[in-house]
Amino acid sequence: MRMRYLMLTALSVALAMPALGEEYTLLSYETEADLAARAEGAAPSHWQAYSEMLDTLGLLRRSTELDPRASWRIGGVEAADGAPLYLAGYVVIATEDPAVAESLAATMPAALRGGAVEVRRTSAR
């Protein structure tokens, strides 16, 4: 029920905004449990519903799921302390208002299911 409320809130904010503007990348960090469900072939319907909402609003530019098992680091980067979260995908949206990007990030399934979302303004090309 909470997810539905947050999605409706994000929808109302986004509808008030034009779909043009700057691009924002929403980086999705997920828990081991969510990643295990994907690996077992469980269809993440909550992600499909989220993507369809963004597409319907005309905000979605692109998105993809990442395989956190097929990653490596080069250089002296150390893992962050705390509960393990894994970069599992990203969504790129376009909006004039950074508050819309923040609102939509708060309704991402990762944010609602114990993960985290990082919002980054995409650099101009």
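Bear in mind that the values in this text are calculations on the coordinates, not laboratory data. Keep in mind the model is a prediction, meaning the values are calculated, not measured. For neighbour counting, all protein chains shown are included, and Cβ atoms are generated from backbone atoms with ideal geometry for every residue, glycine included.
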Approximate spin-label separation ALA116-SER45, in nm, with each point projected 7 Å along Cα-to-Cβ
3.0 nm
For a quick check: with amide H placed at 1.01 Å from N, whose amide H comes under 5 Å from THR122's, ignoring anything fewer than 5 positions away on the same chain?
GLU23, TYR24, THR25
Would you pull out the residues with amide H under 5 Å of LEU66's amide H, same chain only if 5 or more places away, H placed 1.01 Å from N?
GLY89, TYR90
Per-residue HN-Hα couplings for the range 21-37, Karplus 6.51 cos²θ - 1.76 cosθ + 1.60 at θ = phi - 60°, whole Hz, x for Gly and Pro?
x, 6, 8, 10, 9, 9, 8, 9, 10, 10, 7, 4, 4, 5, 5, 5, 5
Ranked highest first by average number of other Cβ atoms within 10 Å, how do 86-95, 30-39 line up?
86-95, 30-39
Considering only the other residues whose Cβ falls under 12 Å of the Cβ of PRO44, what net charge follows from Lys and Arg at +1 and Asp and Glu at -1?
-2
